[in-house]
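Since the structure comes first, as structure tokens, the remarks are kept for the end.
The values are calculated or read from the model by the stated rules, or taken from the named source; none is laboratory data. In this text the structure is predicted, and so the values were computed from the model without any measurement. With ideal geometry, Cβ positions are generated from the backbone for all residues, glycine too; neighbour counts draw on all protein chains shown. Note: accessible area is taken over every heavy atom of the protein model, side chains too, but ligands, DNA and RNA are not part of it. Shrake-Rupley method; radii C 1.70, N 1.55, O 1.52, S 1.80 Å.
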Amino acid sequence: MKKNIINKLTVFISFCLLAINVNSQQVNTLYFMDNTPYRNTLNPAFQPLSGFYLGFPILGYSQFNLGNNSLTLKDFAYNDVNGNPILFLHPDGNVDKFYNALNTVTSFNTEVQLNLLTFGFRTGKSYWNLSITERLNAEVGLPKDFMKLLLYGTPDPINNIYDFKNLGVDMSLYTEVGLGYSREINDKWNVGGKLKFLAGSANVQTAINKLELQAGIDQWTIKGDGSMNVSVPGNLQIGDNFQTFNYEEPTQPFDFLNGMGAGVDLGVTFKPINALTISAAVTDLGFIHWNKNVQNVSFTTDYTFTGVGTIDPTANIDPQIIGDSIIDALIKSTTTPDPTTKAYTSYTSPKLNIGIEYGFFDNKLTLGVLSRTIKHNDVYDEELTGSINVKPANWFNLSASYSVFNGRMSNIGAGIGLRTGFVHWFMSADYVPLRFASYDLPSGSPIPTAYIPYNTKGVNVAFGTSIVFGNRQDKDRDGITNRKDICPDTPRGVVVDKKGCPVDTDGDEIPDYLDKCPNSPLAAKGFVDSKGCPIDTDGDGVYDFKDKCSNTPVEARGSIDENGCPKDTDNDGIFDYLDKCPGTPAGVQVDSNGCPLDSDGDGVADYLDLCPNTPLAAKGLVDKNGCPLDSDDDGVYDYLDLCANTPIEARGFIDKNGCPLDSDDDGVADYLDKCPNTPVEARGTVDEKGCPRDTDGDGIADYLDNCPKLFGVAANKGCPEVKKEIRTLFQKALQGIQFESGKDVIKKSSNVILDQIAKVLVDNKSYLVEIQGHTDNVGKPELNQLLSEKRANAVRNYLIAKGVEDKRITAKGYGDTKPVASNKTTQGKAKNRRVEFIVTFEEVTFE
């Protein structure tokens, strides 16, 4: 039995490798071929380059996937040490290597897409497409423990446990009608989506909750439960324990519509910079609700087979009969068709695509990486594909890729997209094998040798041919094709007009994307800076395009009218920024400062000046009418009046300077002077009435009185009369005071007279005495002068020593300058050698 089972296993595996695909279900290489219209099946945000495309049935777009997720040809067929081809079950083969190559669940699945009708068209920045596609998805799950049982049997004599829970089938055949839409939001973002109506024709799916085999030499026990749902065209009836199958073929077209559902594709692209594109999409997110021609089958089993222990090893028994009897007994004991038919729902296998593409040489060469994830039931299948893409022109694309998780390092992907006239065709494939095994075919075959892919799990192929119009060659990607683009190098993201040039809304010749002042008036054209803002050359706050005074001085800023000219608010011909008198009445003549003219400079403008010829000296001393002021009303204008506060009584007694007259110049104005003819000598010695003072009341005016504070006599010039004996004493002293010859030493003979003089001075403390020393002319004058001074001081010192206050005595020498007699005689010289006492003020006191 084991040999027969192994033979069946080999056939089963070979069939699976040739007919069923690994979990790719999309051609990854196609993702980066941007001139292919059907690229948007992988991400609905991708917009075709052509303005319109139309795909015909089958030829428009078809996709076939062949392979599995565990095994390649070299895992079960290879050359032995002698170079002869053998299978892994050959005595020289390696069963362990084959078993280790298996995944926990070997998934055999296939997808076929056949285009029935597809077309798309562009409207501005949007793209619409409609597709009708026939799709077949099928998957068989084979647990690794199933192969373990077949390959190794029951090595343990007591108990071997095998888990078959993941054994199952899932197959769907349906028609997909999709309406897709994509939109270019701006130069960085594209979004897209596709709504799908799914019309189901057939479905088979199993769901095993538990299926476990415990096998030993004496008995095998299998336990489990699960279900299977079937919906096929026509009427299918399954009898109890699969004993009968009744099938009636469909007779009406709508018998092929057994379920309905919906799906959605969503995508987005983002270009942070021109050379980099980041994209993401979720596709085939949908379901089908099966509610027609439905058959539900469920099972629950707990079966123990003990027939193994009754076999006679010497008996000639066919092991296949025993195996079939086991299977037959197992089926009959477990399978129970559901007496009712219940609608159920199946789900499509959603795919998550995340791509990154970076361009070089203006995107003529790009490198791309695609992460693809497929979810089927609770199983996720991951794949990472790297791609290099050559895009020298929009009519030609060439791509090469490698998918990391195909696991064999000898498979690449390749794709080509080519437009010839109005026909675009492409072919793209993943897992293109690089290594082949040759197999000699029987004689008479069309070809002598067949070449079989040796190191690949499958081949994933898509191809298509479409009619296209309006190939969108848009170098700067501004939405305007190169043929119509007058400005072909517009930066990305800039809004352009129908000619492809950046929009200039305000017509100032600065495009909006550079224009910092996008609403400049049309009149500003030619008068804007590089940022599109109106120029204000003179900085006066009025733009040049409406500035009629373009060279306004800096000083005028802030006093400019709407035409950009300096204001002249009072219309006096002087701009406000220069006008120091901004409120001048209309018609008034002004000077260069804008102030009313003041010809005579008196501070009163001419138009107000009633005295227009006021002398310049009167400036500031005029009234509001511009006439000179006479504040004290003395008849002399203030600007001439040196006595501005002349009393009223002085009127008529005023000189030309406005001051009261003082005819006798005694310091008392005439209008107050009771003695108007005071002598010149009396100036400064008059009273408040202008009359000479007589302080001591001796009848002698002070200006004539040598002793104005002492009552005196006229004979002594107002001083008290000096008694005769005192005068005689002073006269006697002239010759009575003797000195040693040529010296200032007083002879003792002179002490008597000096003592008398000292007593007079001590007794009369009010006397002021000047001691005068005189010499003859013998000798040099300068020596005589010095000698006279010394002798006068000698006398003074003597008197002070006698008690006379020093402050009352002065001494002065006159030398030979004041002789009283002739120096030609001896007598005359003797008289000239003298000491005089001059009383300048005296007050005699008698005891």
Three principal axis lengths of the chain [C-alpha, angstrom, descending]: 209, 77, 56
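Cα-Cα pairs above 12 Å in region 57-109: how many percent? Please list the in-between numbers first.
Details: 972 of 1378 pairs.
Everything past 12 Å amounts to 71 percent.
Tally Lys and Arg at +1 and Asp and Glu at -1 over the other residues with C-beta under 12 Å from the C-beta of Asp529: what net charge comes out? Let's see the in-between values first.
Details: positive: Lys516, Lys531; negative: Asp508, Glu509, Asp515, Asp536, Asp544.
Summing Lys/Arg as +1 and Asp/Glu as -1 gives -3.
Looking only at Cα atoms, what is the convex hull volume of region 119-179 per residue, in Å³?
Numbers: hull volume 7.6 nm³, N = 61.
Per-residue hull volume (Cα only) is 125 Å³.
Order these peptides, 582-594, 618-630, by their mean beta-carbon neighbour count within 10 angstrom, highest first.
Numbers: 582-594: 13.8, 618-630: 16.7.
Per-residue mean Cβ counts within 10 Å order the peptides as 618-630, 582-594.
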The chain, relative contact order in percent, only Cα pairs under 8 angstrom and at least six apart counted: 7 percent
Stokes-Einstein D for region 481-565, Kirkwood Rh over Cα pairs, 4 °C, 1.567 mPa s (µm²/s): 91 µm²/s
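How much FRET efficiency would the formula 1/(1 + (r/R0)^6) give for Leu514 and Tyr358, where r is the Cβ-Cβ distance and R0 is 30 Å, rounded to 0.05? It would help to have the intermediate numbers written out before the result.
Working: r = 28 Å, r/R0 = 0.93.
Once rounded, the FRET efficiency stands at 0.60.
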Under 5 Å, built H, 5+ apart or other chain: amide partners of Ala437: Ile452, Tyr454
Backbone HN-Hα couplings from phi across region 680-694 [Karplus 6.51/-1.76/1.60, Hz, Gly and Pro as x]: 4, 5, 8, 4, x, 10, 10, 8, 5, 9, x, 9, x, 7, 10
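What part of the accessible area of region 105-162, given as a whole %, is carbon or sulfur when the probe is 1.4 angstrom? Show your work: numbers first, answer last.
On the way: 1570 of 2250 Å².
Taking all protein chains in place, region 105-162 shows 70 percent carbon and sulfur surface.
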Under the span-like rule (Cα at least 24 Å along the axis, Kyte-Doolittle mean at least -0.5), DSSP H helices of the chain: 2-19, 781-801
Å² of accessible area per residue within the chain, as computed with a 1.4 Å probe and no ligands counted: 52 Å²
In Hz, Karplus ³J(HN,Hα) per residue of region 179-189 (6.51, -1.76, 1.60; θ = phi - 60°; x = Gly, Pro): 10, x, 8, 9, 9, 7, 5, 7, 5, 10, 10
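May I ask you to list the trypsin sites (Lys or Arg not before Pro) in region 766-847 that are in a DSSP loop and have at most 12 other Cβ atoms within 10 Å of their Cβ?
Here the sparse-neighbourhood loop sites are Lys824.
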